[in-house]
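Have a look at the structure below, then the notes.
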Amino acid sequence: AVPRTRILATGGASHNKKILQVLSDVFNAPVYTIDTANSACLGSAYRAIHGLVAETNMSLADVVKLAPEPRLAVTPAAGAEELYRPLLKRYAELEKKVIYNPASSC
């Protein structure tokens, strides 16, 4: 995982601990949720606010500080990184191949 990475899960799937655990294991990062209605809209709403205050040089991090405090839902399982790291590397290689040469077959 990238240092200090965390995942914020929203919407209906954020209520399913098994889905959250897979996200956490694959990306080797803790997963947080927010208990608020229509939480899936929050990201775009905060980006819109950030755009409105762009001339003030307020960072997105400062804008997001207004958000409800997320709660920790799950953390990566022991050994998951060893399983998923090579798979993520392979996925990135295949994605790169498709992006830079879409006519090629994987």
Practice task
For the chain, give the magnitude of the charge dipole about the Cα centre (Cβ charges: +1 Lys/Arg, -1 Asp/Glu; no others), in debye to the nearest 20.
Solution key: 220
Completion exercise
Rounded to the nearest 500, the 222 nm mean residue ellipticity computed for the chain from DSSP H runs (n ≥ 4, each -39500 (n - 2.57)) alone is -14000 deg cm²/dmol
Handout entry: Reported label for calculated mean projected area of the Cα convex hull in nm² given (1) 9.3; (2) 8.1; (3) 7.4
Key = (1)
Fill in the blank from the handout: Surrounding charge for Ile34, neighbours by C-beta under 13 angstrom, Lys/Arg +1, Asp/Glu -1, total 0
Completion exercise
Residue by residue through the stretch 10-18, the couplings from Karplus 6.51 cos²θ - 1.76 cosθ + 1.60 with θ = phi - 60°, in Hz, x for Gly and Pro, are 9, x, x, 5, 5, 8, 9, 4, 5
Exercise for the section: Work out how much length His50 to Ile34 would gain on full extension: take 0.36 nm times their residue separation and subtract the Cα-Cα distance, in nm to one decimal. Expected result: 3.8 nm
Problem - Shape category assigned to the stretch 1-62 from the gyration tensor of Cα positions, a/c cut at 1.5 - result: oblate
Completion exercise
Once normalised by the length of the chain, the mean sequence separation of its alpha carbon contacts under 8 Å that are 6 or more apart gives a contact order in percent of 31
Exercise for the section: Enumerate the amide H contacts of Tyr32 below 5 Å, restricted to partners 5 or more residues apart or on another chain; note that Pro and chain-start residues carry no placed amide H. Expected result: Ile7, Leu8, Ala9, Ala73
Practice task
Mind jotting down the distance between the C-alpha centroids of the stretch 59-106 and the stretch 5-42, whole Å?
Solution key: 13
Fill in the blank from the handout: For the stretch 72-88, Karplus-derived ³J(HN,Hα) couplings (6.51, -1.76, 1.60; θ = phi - 60°; whole Hz; x for glycine and proline) come out as 5, 9, 8, 10, x, 6, 4, x, 5, 4, 5, 6, 8, 4, x, 5, 5
Problem - Stretchable slack from Glu82 to Ala61, in nm (0.36 nm times residue separation minus alpha-carbon distance) - result: 4.4 nm
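Quick note: the coordinates plus some simple rules give every number you see, no bench work behind them. Quick caveat, the model's predicted, so the values are computed rather than measured. So basically every Cβ, Gly included, is an ideal-geometry build from the backbone, and we count neighbours across all protein chains shown.
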